[in-house]
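Visitor: Attaching a single structure in C-alpha cells format; questions to follow.
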Amino acid sequence: MVNKNQKNLQDIIDVVQQLRHPKKGCPWDIEQTSKSLSKYTLEEAYEVVEAIEKNNYSELEDELGDLLLQVIYHSVIAAEKKKFNIFNVIDKSVQKMRSRHPHIFLKDSSIKSIEDVNNFWELQKKNERKKKGANSILDGVSISLPAVTRSIKLQKRAAKEGFDWKKPEDTLKKVREELNELTFEMKLTIKRKYAKN
C-alpha cells in the first residue's frame with residue numbers, strides 16, 4: 001500500500017515523465033539535458049539560500065519545491081539513459097548519512113563532541129575521494145563554484161595540511177622552500193638521466 005508521501009513523490013516523477021514524453025510531452029522539456037538544466041539547478045539553489053536568509057518559510061517551501069523538481073528532473077533524465085533513478089539517489093544519500101554518523105546509527109561511543117564529528121566527517125570525505133581516485137587534498141572542490149567560494153574552500157583544505165600563514169613573509173618562505181625542493185629534484189633527475197647515457 002502506498003502512503004500519501006510516497007504518492008506525492010511518485011506524482012512529481014510522473015509530472016516530469018509526462019513533460020518529457022517523446023510524443024505527448026512539452027517540446028521545451030523534451031529538449032532538456034542535465035547540462036542544459038544545470039544553470040536552473042544552480043539558480044534554484046541560490047533562491048533557496050535567499051529564502052533562508054530572509055527567514056521566509058513560505059518562500060523557502062516554494063523554493064525547496066523548485067529545487068526538488070530539479071533533482072527529480074535530473075534523475076528522470078538519468079533513468080531514461082538507464083543510469084540511475086530518484087530512488088537510487090535517495091538510497092545513496094541515506095547510506096552516506098548513515099556512514100558519516102556512526103555515533104547515531106552504529107552507536108559508536110568514540111564520537112562525543114562536535115570536533116569529533118567534524119574530524120570523522122572529514123576523514124569519511126577523504127576516504128570517499130580516495131575511492132574515486134582523487135588523492136590530492138584539493139580534489140573534490142567543485143570547479144563550478146563561484147571563484148571566491150572555491151578559493152575559500154581550497155584555502156581551508158590547504159590550511160588543514162599546514163599551508164596557512166599569518167604573515168606574507170612566511171608564505172614567501174614556504175614558496176621558496178618548495179621551489180628549492182623542486183629544483184633539487186629536477187637537478188637530481190637530470191643527473192640520473194645523463195649518468196645512464
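Visitor: Taking a point 7 angstrom from the Cα of residue 33 along the C-beta vector, which residues in the range 78-111 have backbone N less than 12 Å away?
Guide: none
Visitor: Can you tell me, using C-alpha contacts under 8 Å and at least 6 residues apart, the relative contact order of the range 47-168 as a whole percent? Write out the running numbers ahead of the final one.
Guide: Working: 50 pairs, mean separation 11.4, N = 122.
Relative contact order, the range 47-168: 9 percent.
Visitor: According to the square roots a ≥ b ≥ c of the eigenvalues of the Cα gyration tensor, what is the shape class of the range 1-60, taking rounded for a/c under 1.5, prolate for a/b larger than b/c otherwise, and oblate for the remainder? Mind showing how you got there, number by number?
Guide: On the way: a/c = 3.24, a/b = 1.26, b/c = 2.57.
Oblate.
Visitor: Give the separation of the Cα centroids, the range 1-23 to the range 100-114, in Å.
Guide: 36 Å
Visitor: Separate question: How large is Rg over Rh for the range 51-160, taking Rg from the Cα atoms and Rh as the Kirkwood inverse mean of 1/r across Cα pairs? Spell out each step's value before the answer.
Guide: Working: Rg = 17.4 Å, Rh = 17.1 Å.
That ratio equals 1.02.
Visitor: For the pair residue 43 and residue 147, how long in nm is the line joining their label points, each one 7 Å along Cα→Cβ?
Guide: The answer from the label model is 2.3 nm.
Visitor: Name the trypsin sites (Lys or Arg not before Pro) in the range 1-83 that are in a loop by DSSP and that have at most 13 other C-beta atoms within 10 Å, would you? Working shown, then result.
Guide: Numbers: sites: 4, 7, 20, 23, 24, 35, 39, 54, 81, 82, 83; in loops: 20, 23, 24, 54, 81, 82, 83.
In loop regions of the range 1-83 (DSSP not H, G, I, E or B), the sparsely surrounded trypsin sites (Lys or Arg not before Pro) are 23, 24, 54, 81, 82, 83.
Visitor: Sticking with this structure for a sec: Against the empirical 2.2 N^0.38 Å scaling, what ratio does the C-alpha Rg of the range 1-100 come to? Could you put the intermediate results ahead of the total?
Guide: Values: Rg = 14.9 Å, N = 100, 2.2 N^0.38 = 12.7 Å.
For the range 1-100, the normalised Cα radius of gyration is 1.17.
Visitor: Related question: Give me the extension gain from residue 170 to residue 103: residue separation times 0.36 nm, minus the current Cα-Cα distance, reported in nm with one decimal. The partial results should precede the final answer.
Guide: Numbers: separation 67, 0.36 × 67 = 24.12 nm, distance 3.96 nm.
Extra length available between residue 170 and residue 103 comes to 20.2 nm.
Visitor: Restricting things to alpha carbons, tell me how big the chain is in terms of Rg and Dmax, in Å.
Guide: Values for the chain (Cα only, Rg and Dmax): 24.0, 77 Å.
Here, each number is a calculation from the coordinates, and none is a lab measurement. These numbers were taken from a predicted model, which means no experiment stands behind them. All Cβ positions, glycine included, derive from the backbone under ideal geometry; neighbour counts span all protein chains shown.
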